[in-house]
Every structure is written in structure tokens, then in C-alpha cells.
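Below is one structure, written out as C-alpha cells; comments come after it.
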Amino acid sequence: MEKLGRNDKCWCGSGKKYKQCHCAMDEKIASYAIAGHMVPEREMIKNPQQIEGIRKSGEINIAVLDYVAENIRLGMSTEEIDQMVYKKTKELGGIPAPLHYDGFPKSVCTSKNNEVCHGIPSPDIFLEDGDIINVDASTIYNGYFSDSSRMFCIGNVSEENKRLVEAAKKAVETGLSEVAPYHFIGDMGQAIQDYVNANGYSVVLDLGGHGVGLAFHEEPMITYIGPRGTEMLMVPGMVFTIEPMINRGKKEVYIDEESDWIVLTEDGSMSAQWEVTVLVTENGYEVLAY
Ligand code: MF3
Ligand code: CO
């Protein structure tokens, strides 16, 4: 890593002198590294201009999901959700990040019931009475990425499944309450794991959250395992997703062979997920997309 003088311009691109910008923070991070902790690379720490870009991208992502929330209906196909997301994202000046990402064929992921994530919208899949569905939208705006998802209950959803959907939302909120500078990803992960297990559900461990902002998927990987005090140190300027997938049954999942995308629960049990993009701030956190 380049060694900067205190009067040199900061590495973050803010234009400020190093001593007035990231110098003190770098020294603090170094002390954690010496103590054996995993610490973020400079690439994982965003400057104010980048944060503003990601914030704007997040505003579009939120508006797209608000639009879905207003228009999602019993009997509609998941293809129609895809069209809504494409149309609204474009209208607001964004690009849907999933479209053609690694060969993904649609603009959004729609994952119903026992589908855990990465469900592919289709004109043959309809929203039926009692379905629970995750709509996962991601936006590129001006080169900046954001990523969030919500659950929707279609018609008369059973009390058990409603409870699962609520617990998945609460799991994200529980995780958020642990996001603060100089806490660890493991603190957040442990809190989610404990909350979900206490409610009798399981957390999928094969998939996690991720850094996001300058690319769709960046380091670090966000796990929900813990224990406290492990995994990467959180510092101001980091942006990542929290998106735990929780199952009514066992945590094991598999990828559907035909699509090579859709992730399903191994035991066929129902699965739910909410996702936020979060920024670590000087005193806590700011949700950039939900
Ligand atoms: N939020 C999902 C994720 O981070 C979005 C996946 S979009 C896809 O994995 F194109 F990769 F499917
Ligand atoms: Co994501």
C-alpha cells in the first residue's frame, strides 16, 4: 500500500489533505489488523462523492420497489413484475443490474414460496392465492449500484407464512442494529442467526450479502454465522447488503439444474428474504436502499 505523507492528498479522492481525511482512521484500522482482525481494503471504503452516487441509485431502487408494491396483484404473472421493474427503472434514468448479469435473462429476481432466491420471471408463473414472493431489484445509476428486496403476501396467506415473512424482515432489522463503526460483520451475523433460530427458523448459509456500490458484487462477503468479534471490521464509508434468507425447514438449498439460477430449499419448505443496502457512517448506519 502506498505510504502517504500527512500533507499529501488523501487516497480516497476527496481532494482533502490526508491528515484531515482518512489518516486517523487508517491508523485505527491498522491497530485492528495488528490485533489479528480482518480489516477492509481501501477499495471497500467509499468517498463522499461515491456515497452520493450510491444514494441516488438507491433512491431509484426504492422507487422501483414502491411501484411494484402499489401494483402487484393476485393473478398477475411474474413476467409482468419484470416489465414493471424494467419500465420504472428506465423511466427514472437507471439500468436494471440483473439484466444480462452473468447471463441472467431478466431485470429482477422473483422468488416464490420454496424458491430461496434468483427466481426468474416468466409468463407461465402466476401469483396465486396464499403465495409469498420476494422481489429483488438492483439498479445501476450513473455507474453506481444499489440492491434491495422485499416480500409480498398474495391474497390469503397462512398465519405461519405471514410469521415467516415478518421474521425475515425483523432479521434484517436485528442485523442493522449491530451496524456501526468498529463493530464486526460477525456481530451482525450472530445477532441474525440468534434471532432466526429463536423463532424456530433456519438461516441459509450457502449464500450471503456483499459489498456493493462501484460494482454489483464487491467484497466483503456478508455472512450470518458470527460469532461476535469475527469477520471483517466495519468502518465508515463501507457499503454492503444485508439479505438473510430464512427457511421454515432446514437451511440446505440446491440450484435448479435447468435454469442454473433458481435456488430452492432442499426440503421444499417455504423461504423468505428482505434485503437492504446499508452504509456505515461515523455514528452508526444509513439505509441506502430497502
Ligand atoms: N440481490 C441479489 C444478489 O445479490 C440479486 C441477484 S441478481 C442476479 O445475489 F442477476 F444475479 F440474479
Ligand atoms: Co444482493
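The values are calculated or read from the model by the stated rules, or taken from the named source; none is laboratory data. Remember, it's a predicted structure, so these values are computed and weren't measured experimentally. All Cβ positions, even for glycine, are placed from backbone atoms using ideal geometry, and neighbour counts span all protein chains on display. Heads up: the accessible areas ignore ligands, DNA and RNA and are worked out on the full protein's heavy atoms, side chains in. Shrake-Rupley method; radii C 1.70, N 1.55, O 1.52, S 1.80 Å.
Once all protein chains are placed together, THR281 keeps about 40 Å² accessible to a 1.4 angstrom probe. Direction-averaged projected area, Cα convex hull, the chain: 15.1 nm², rounded to one decimal.
A convex hull fitted to the Cα coordinates of the range 13-120 yields 162 cubic angstrom per residue.
Adding -39500 (n - 2.57) for every DSSP H run of four residues or longer, then dividing by how many residues the chain holds, sets the calculated 222 nm ellipticity at -9500 deg cm²/dmol. For GLU91, the solvent-accessible surface computed with a 1.4 Å probe is close to 110 Å², ligands and nucleic acids excluded. Averaged over its residues, the range 192-261 has an accessible area of 43 Å² per residue, based on protein heavy atoms and a 1.4 Å probe.
Between the amide H of CYS117 and those of VAL263, distances stay under 5 Å, these residues lying 5 or more places away or on another chain, with hydrogens modeled in the peptide plane. The string of couplings for the range 75-90 from the Karplus curve (6.51, -1.76, 1.60, θ = phi - 60°) is x, 6, 8, 5, 4, 5, 5, 4, 5, 4, 5, 4, 4, 5, 4, 4 Hz, one whole number per residue in order, with x for Gly and Pro. Derived value for the range 214-290: Kirkwood hydrodynamic radius 14.8 Å. Basis is the mean of 1/r over every pair of different alpha-carbon atoms.
Just reorder ASP194, ASP26, ASP206 by solvent-accessible area, largest first, 1.4 Å probe, all chains present.
On the way: ASP194 80, ASP26 30, ASP206 110 Å².
In descending accessible area the options line up as ASP206, ASP194, ASP26.
Over all distinct Cα-Cα pairs of the range 108-162, the Kirkwood formula returns a hydrodynamic radius of 12.3 Å. Each residue of the range 177-190 was assigned a 3J(HN,Hα) from its phi angle through the Karplus expression (A = 6.51, B = -1.76, C = 1.60, θ = phi - 60°), giving 5, 9, 8, 6, x, 6, 8, 10, 4, x, 5, 5, x, 4 Hz with x at Gly and Pro. Averaged over its residues, the range 138-183 has an accessible area of 41 Å² per residue, based on protein heavy atoms and a 1.4 Å probe.
Taking TYR141, TYR86 and ordering them by how much accessible surface each has at a 1.4 Å probe, largest first, produces TYR86, TYR141. What a 1.4 Å probe finds exposed on the chain is 50% carbon and sulfur by accessible area, rounded to a whole percent. Applying a DSSP loop filter and a limit of 14 other Cβ atoms within 10 Å to the trypsin sites (Lys or Arg not before Pro) in the range 238-290 leaves LYS250. For the range 146-247, the alpha carbon positions stretch 43, 28, 23 Å along the principal axes, listed from largest to smallest.
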